[in-house]
2 protein chains.
Amino acid sequence: MWQNTRLTRLLGIELPIVSSPMAGGPSTSALAAAVSDAGGLGSLGLGYSTPDDIRAAIRATRALTDAAFQINLFVPPPEPPLLDAAAVGQVEEMVAELRSDLGLPVRLPVPERLSVPFADQTAVLIEERVPVAGFAFGVPPADTVAALRENGTVVFATATSVAEARALVAAGVQVVTAQGAEAGGHRGQFVGGDGSGPREEGTPVGDPIGTMALVPAVVDALGADVPVVAAGGLRDGRSVLAVLALGADAAQLGTAFLRTPEAGTNEPYRAALAAADGSETVLTTAFSGKPARGLRNAYVDAVGVRPDVPPYPVTHVLTTELRAAARAAGRSDLQSLWAGQGVAGARDLPAGRLLGLWVDEIEAILEDWRS
Amino acid sequence: MWQNTRLTRLLGIELPIVSSPMAGGPSTSALAAAVSDAGGLGSLGLGYSTPDDIRAAIRATRALTDAAFQINLFVPPPEPPLLDAAAVGQVEEMVAELRSDLGLPVRLPVPERLSVPFADQTAVLIEERVPVAGFAFGVPPADTVAALRENGTVVFATATSVAEARALVAAGVQVVTAQGAEAGGHRGQFVGGDGSGPREEGTPVGDPIGTMALVPAVVDALGADVPVVAAGGLRDGRSVLAVLALGADAAQLGTAFLRTPEAGTNEPYRAALAAADGSETVLTTAFSGKPARGLRNAYVDAVGVRPDVPPYPVTHVLTTELRAAARAAGRSDLQSLWAGQGVAGARDLPAGRLLGLWVDEIEAILEDWRS
């Protein structure tokens, strides 16, 4: 049975399908519960959320479903970047015209802190004994992983290379999400290298690796004990079966759920997704300081590719007001429109209905191969 | 049966597996014949070859196999670029240190012409009635396509987007090779756009599209009558089955054959491939003026990403002597080392043996899904 994978056995779920966490609005308790109720693993991206909001979201999801679901957080960088006057000045100048277009003053509001303390966020996941805890942007601390696992929580984390996958498993992570270059939203890359000096095997020194190449490489590197979830460019049942053929234990889709009624996607964002065909996404650091894939729009074109943009989360916090104002004004041209290269597969159908359609597509392909 | 696709029926071949053309040395008559004899479609990339050499290669391949094979050529750009003093000076300065490292004079030898006349090349394919003619880098002229098809030749061409795939079919192309971002060697992209003004659906304005996302998009756009070959990041039986799940009618692998004894890959290139794990490939225009994916090496690092490098084939012809000297000196650091992101799958085994292993892998996956 194609549904019988190391991940569906580990979690006791019916379908090897995961919804992407999609922090910042799109993922909701309703979407996560709908995916989990349909037999998959629904996910909530809460990397930007306060402990109280995380607790409330966990409880809201539990009220909607008895099935397992994932709460996903962002691992902070080892050295927090400086939110200093130089960074503020740089972003201020970069987005000045865009802010004035939205009627905002040129002077940027500067927040007191760069992000919610990670330890406070993870404490909630431990206290609430979430079924699945997921991490992106880095290696979660080994003691946090151990505390979660002691609770019976299954720990996921995201890798974009073989070297990252190995680092995650070394810290106790149980399930690795292999994120290919096609994926929408932020890239999880955290191991870099300039190519000089001796290189640990699998350390990325080249371009982002596509899903087709990354998944078997990670599966082979991690061996029999670590289930792998494949993400990036997936759109429907064909993609789910494709990544299972590559050796993955589940397919993770995010963009495919962005137009569902359960998603928190705002209206101008939905309209832009409906008009997209997959040939217009770009990787850009323009919104947050971290490479992320989204639909090319006026903001991306105006800011351009700036290798010197202040690092995440500095640029993220300094552009928050602008992006919120764009959303409030119903404008898609000045907000981030995260989307993967499989965006043409995003359909305006309930999430559970999508999973049912994908299962039908898979069964039809297998039937065709049998005859 | 997974082997039964629109392409295997059209060509009367056994396996939906194509070897990539790989012009410039790696593809040989022996490799093409071995792949075709094993049930796939072997290919010879002869875009750089003279009419006499093309004729000889076709005859040599026919002497080795009775099965169908592909001869692949490069469609020239609509406006031939200038091989002028400015371009020569620019490349001369760019590679001066690398040339002196190889003992070559700084002054570049300037060839009389940029490329072999395309009409003379295609005339040979028509005269020799090749089983399959393939084209990359553009839309082949409709009258050439018609003349080939009148002969019973099946016409393939390469697309990197939905817009390109549609343009090829409009010119009479029968089979479209969808080349994902992971692919090694030159990218076939020929339709561009700056994103301004009205945009025809599928015209690329974003980053190169990965195989996982591109294949179903092209399959859906072209409909029931046009078989699609999937290329980019494929490495073994898992990848072949994955692209068939995506709706492709065959899988095209190139890098996977580079280490076979039948390939023309030079020794330092083979050694670099054997040491690669897939995390070190980059898209670069540094060797030819056209984006191509290969292993990062000293040449790539020295030349860097230059958006202003003279366009293909100007840079290509001006770096030919340097690359040949590097090969002759047994050096991998100053030659192009084209490789896709699935390079870790390249194995030093006969091509026919590889196809047999991939079939076994596919049967094992399908058996696992059945039980």
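Stretched out fully, how many nm does the piece from B:Glu97 to B:Arg59 gain, at 0.36 nm a residue minus the Cα gap? Mind dumping the intermediate values first?
On the way: separation 38, 0.36 × 38 = 13.68 nm, distance 4.18 nm.
In short, 9.5 nm is gained.
Using amide H atoms built in the peptide plane, which far-off residues or other-chain residues are under 5 Å from B:Leu44 H to H?
Hits under the 5 Å cutoff: B:Gln70, B:Ile71, B:Asn72.
Using only the alpha-carbon atoms of segment A:114-255, report the extent along each of the three principal axes, biggest first, to the nearest angstrom.
43, 38, 33
Which parts of segment A:232-265, residue by residue, lose 30 Å² or more of accessible area when the rest of the protein chains are there, as against the chain isolated (1.4 Å probe)?
Buried by the other chains: A:Arg235, A:Arg238, A:Ala242, A:Ala245, A:Leu246.
Run through segment A:78-161 and list the GluC sites (Glu not before Pro) located in a DSSP loop whose Cβ has at most 12 other Cβ atoms within 10 Å. Write out the running numbers ahead of the final one.
Working: sites: A:Glu92, A:Glu93, A:Glu97, A:Glu112, A:Glu127, A:Glu128, A:Glu150; in loops: A:Glu112, A:Glu128.
Listed in order of number, the matching sites are A:Glu112.
If you keep only loop residues by DSSP, which GluC sites (Glu not before Pro) in segment B:180-283 have at most 16 other Cβ atoms within 10 Å of their Cβ?
Working: sites: B:Glu182, B:Glu200, B:Glu201, B:Glu262, B:Glu280; in loops: B:Glu182, B:Glu200, B:Glu201, B:Glu262, B:Glu280.
Loop-located and lightly packed - B:Glu200, B:Glu201.
Residue by residue, what Karplus-based ³J(HN,Hα) values in Hz, rounded to whole numbers, does segment B:136-141 have, using 6.51, -1.76 and 1.60 with θ = phi - 60° and x for Gly and Pro?
Each residue's phi maps through the Karplus curve to give 10, 6, x, 8, x, x Hz.
Can you figure out the FRET efficiency of B:Ala86 with B:Leu10, using R₀ = 60 Å and their beta-carbon distance, to the nearest 0.05? It would help to have the intermediate numbers written out before the result.
Values: r = 47 Å, r/R0 = 0.78.
Computed FRET efficiency for B:Ala86 and B:Leu10: 0.80.
From the helices alone, meaning DSSP H stretches of at least four residues, give me the mean residue ellipticity at 222 nm for the protein assembly as shown, per-run term -39500 (n - 2.57), in deg cm²/dmol to the nearest 500. Write out the running numbers ahead of the final one.
On the way: 28 runs with 288 residues, N = 742.
After summing the helix terms and dividing by residue count, I get -11500 deg cm²/dmol.
Find the centroid of the Cα atoms in segment A:285-320 and in segment A:196-231, then give the distance between the two in whole Å.
When both Cα centres are located, 26 Å separates them.
Once the cut-off is 36 Å, how many percent of the Cα-Cα pairs in chain A end up in the long-distance tail? Present the calculation step by step, with values, prior to reporting the outcome.
On the way: 11738 of 68635 pairs.
Considering chain A, 17 percent of its Cα-Cα pairs are separated by more than 36 Å.
Using a 10 Å cut-off on Cβ to Cβ distances, tally the other chain neighbours for every residue of A:179-189 and report the average as a whole number.
Details: counts 0, 8, 11, 11, 3, 0, 0, 0, 0, 0, 0.
What the average comes to for A:179-189 is 3.
Which value, in nm² and rounded to one decimal, describes the direction-averaged projected area of the C-alpha convex hull of segment A:19-74? All intermediate terms of the calculation are to be shown ahead of the outcome.
Working: hull surface 12.6 nm².
The number I arrive at for segment A:19-74 is 3.2 nm².
Need one number: % antiparallel among DSSP beta bridges in chain B, to the nearest 5.
Numbers: 7 of 35 bridges.
Among the beta bridges of chain B, antiparallel pairing accounts for roughly 20 percent.
Can you compute the radius of gyration and Dmax for segment B:2-140, using only the Cα atoms, both in Å?
18.6, 56
Between A:Leu349 and A:Arg370, what FRET efficiency follows from the Cβ-Cβ distance if R0 is 25 Å, with the result rounded to 0.05?
Rounded to the nearest 0.05, the efficiency is 0.35.
Amide H to amide H under 5 Å from A:Val154: which residues, 5+ apart in sequence or cross-chain, H placed 1.01 Å off N in plane?
Those qualifying (amide H under 5 Å, at least 5 residues apart or on another chain) are A:Val132, A:Ala133.
Working from the pairwise distances between different alpha carbons, so that the mean of 1/r is found and then inverted, what is the protein assembly as shown's Kirkwood radius in Å? Can you show the working numbers first?
Numbers: mean 1/r = 0.0378 Å⁻¹.
One decimal place: 26.4 Å for the Kirkwood radius.
Enter the accessible area per residue of segment B:89-218 (Å², integer; probe 1.4 Å; all protein chains in place). Could the numbers behind the result be given before it?
Values: 4930 Å² over 130 residues.
Per residue, segment B:89-218 has 38 Å² of solvent-accessible surface.
Taking the square root of 5 times each eigenvalue of the Cα gyration tensor, what semi-axes in Å does the equivalent ellipsoid of segment A:259-371 have, largest first? Working shown, then result.
Working: eigenvalues 217, 55, 27 Å².
Largest first, segment A:259-371 gives 33, 17, 12 Å.
Search the structure for amide H atoms under 5 Å from the amide H of B:Ile17, placed 1.01 Å from N in the peptide plane, and list their residues when 5 or more places away or on another chain.
Close amide H contacts, sequence-distant or interchain: B:Leu41, B:Ala251.
Take the alpha-carbon centre of segment A:106-185, take the same for segment B:90-125, and report the distance between them in whole Å.
Each part reduced to its Cα centre gives a spacing of 51 Å.
As a test of the definition: with a 1.4 Å probe, what buried accessible area, both sides summed, do you compute for A against B, in Å² to the nearest 100?
Numbers: alone 15180 and 15230 Å², together 26470 Å².
Chains A and B together bury roughly 3900 Å² of accessible area.
List the trypsin sites (Lys or Arg not before Pro) within segment B:85-185 that fall in a DSSP loop (any state other than H, G, I, E or B) and whose Cβ has at most 15 other Cβ atoms within 10 Å. Working shown, then result.
On the way: sites: B:Arg99, B:Arg107, B:Arg113, B:Arg129, B:Arg149, B:Arg166; in loops: B:Arg107, B:Arg113, B:Arg129.
Those satisfying the criteria are B:Arg107, B:Arg113, B:Arg129.
The values are calculated or read from the model by the stated rules, or taken from the named source; none is laboratory data. Just so you know, these numbers come straight off a predicted model, no measurement behind them. Virtual Cβ from ideal backbone geometry, glycine too; neighbours counted across all protein chains shown. In case anyone asks, the SASA skips ligands and DNA or RNA and just uses the protein heavy atoms, side chains included. Shrake-Rupley method; radii C 1.70, N 1.55, O 1.52, S 1.80 Å.
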